[in-house]
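Colleague: Sending over a structure as structure tokens; questions will come in a sec.
The values are calculated or read from the model by the stated rules, or taken from the named source; none is laboratory data. Just so it is clear, the structure is predicted and the values come from calculations on it, not from any experiment. In this analysis, Cβ positions are derived from the backbone assuming ideal geometry, glycine residues included, and neighbour counts consider all displayed protein chains. Accessible surface areas use protein heavy atoms only, side chains included; no ligands, DNA or RNA. Shrake-Rupley method; radii C 1.70, N 1.55, O 1.52, S 1.80 Å.
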Amino acid sequence: MTALTTAATSTLTTATIATTATTATTAATASTTPTAAPATTLLVIAKEPVPGRVKTRLTPPFTPEQAAALAEAALLDTLAVAAATPADRHLLVLDGTPGPWVPPGFEVVPQSGGGLDERLAAAFAACPGPALLIGMDTPQITPDVLSRALVFDAHDAWFGPAADGGFWALGLAAPDPTLLLGVPMSVPETGAVQYARLRAAGLRTGTLPLLRDVDTAADADEVAALAPAGRFAARHREFDVRSAVTR
């Protein structure tokens, strides 16, 4: 019995040591294995380019059909740049029906109801990880600028101010819809209020370049000149030439 007990004790001790060693190795491996970065989402919030429903402030001098064509060209440029910007997920948050202008690789979801603040908040709520949201009114953007705003190593948020007092981009490392709800939209102080919200929440906020978005004919002239190789500029030149001929 004594020998058997000794042997059993020895076996148990050996098994315990082996189990402990295995557990320690597993823990060490887990501690040295890098944690996967959370998936990033690049969102484009847009409206289907239907005459009479988009870019109404371009009329006059442009006709509703021309204004819609300019909106479609701006959207095409924007989506092309977004598609060329590395992100785990590309999402088009659309008011309307998707058309042939949606590039491959984009998931399309409908905009929610409510005011613009509510629709933006809902778009961010659908993102489980870091997200950058842009509109369709700045076809002069570049992948370099967007890529910069998808890096959150030293920032909790990114803010892209617009020349009219609004903002053209908003990036959040941890999307929080409450940061947008209640912000007055489409007024001169929109950008200031939104930026103040980010700072009041204690977020380290990086600032992107000031851009002019396309709302008026003067905006269209300037933006077309800033990105002459784009579809928007080409369409703008086409309509500008037609206008000159008819004058």
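Colleague: For region 114-207, what's the relative contact order in percent, using C-alpha pairs closer than 8 Å and at least 6 residues apart?
Modeller: 36 percent
Colleague: Could you state the principal axis extents of the C-alpha atoms in region 91-203, from the largest down, to the nearest angstrom?
Modeller: 41, 32, 29
Colleague: If you scale each eigenvalue of the Cα gyration tensor by 5 and take the root, what three semi-axes come out for region 118-157, rounded to whole angstrom and sorted largest first? All intermediate terms of the calculation are to be shown ahead of the outcome.
Modeller: Numbers: eigenvalues 69, 55, 9 Å².
The three semi-axes for region 118-157 are 19, 17, 7 Å.
Colleague: Another question, if that's okay. What distance in nm lies between label points placed 7 Å from Cα along the C-beta direction at LEU181 and THR142?
Modeller: Here the answer is 3.9 nm between the modelled labels.
Colleague: Test of the criteria: in region 150-247, which GluC sites (Glu not before Pro) are in a DSSP loop and have at most 12 other Cβ atoms within 10 angstrom of their Cβ? Please list the in-between numbers first.
Modeller: Details: sites: GLU189, GLU222, GLU238; in loops: GLU189.
Those that pass, being in a loop and sparsely packed, are GLU189.
Colleague: Exactly which trypsin sites (Lys or Arg not before Pro) in region 120-203 are in a DSSP loop and have at most 10 other Cβ atoms within 10 Å? Kindly include the intermediate steps, with their values, before the conclusion.
Modeller: Values: sites: ARG148, ARG197, ARG199; in loops: none.
Answer in residue order: no site qualifies.
Colleague: Related question: Calculate one ³J(HN,Hα) per residue across region 155-162 by plugging θ = phi - 60° into the Karplus curve 6.51 cos²θ - 1.76 cosθ + 1.60, and present them in order as whole Hz with x for glycine and proline.
Modeller: Taking θ as phi minus 60°, the curve returns 9, 9, 8, 10, 10, x, x, 9 Hz for region 155-162.
Colleague: Considering only protein heavy atoms, with the full assembly of protein chains and a 1.4 angstrom probe, order LEU76, LEU58 by accessible area, largest first.
Modeller: Values: LEU76 50, LEU58 0 Å².
Putting LEU76, LEU58 in descending order of accessible area: LEU76, LEU58.
Colleague: Give the Debye-formula value of log10 I(q)/I(0) at each listed q (0.15, 0.20, 0.24 Å⁻¹), with one equal scatterer per alpha carbon of region 172-247, two decimals each.
Modeller: Evaluating at q = 0.15, 0.20, 0.24 Å⁻¹ gives log10 I(q)/I(0) of -0.71, -0.91, -1.08.
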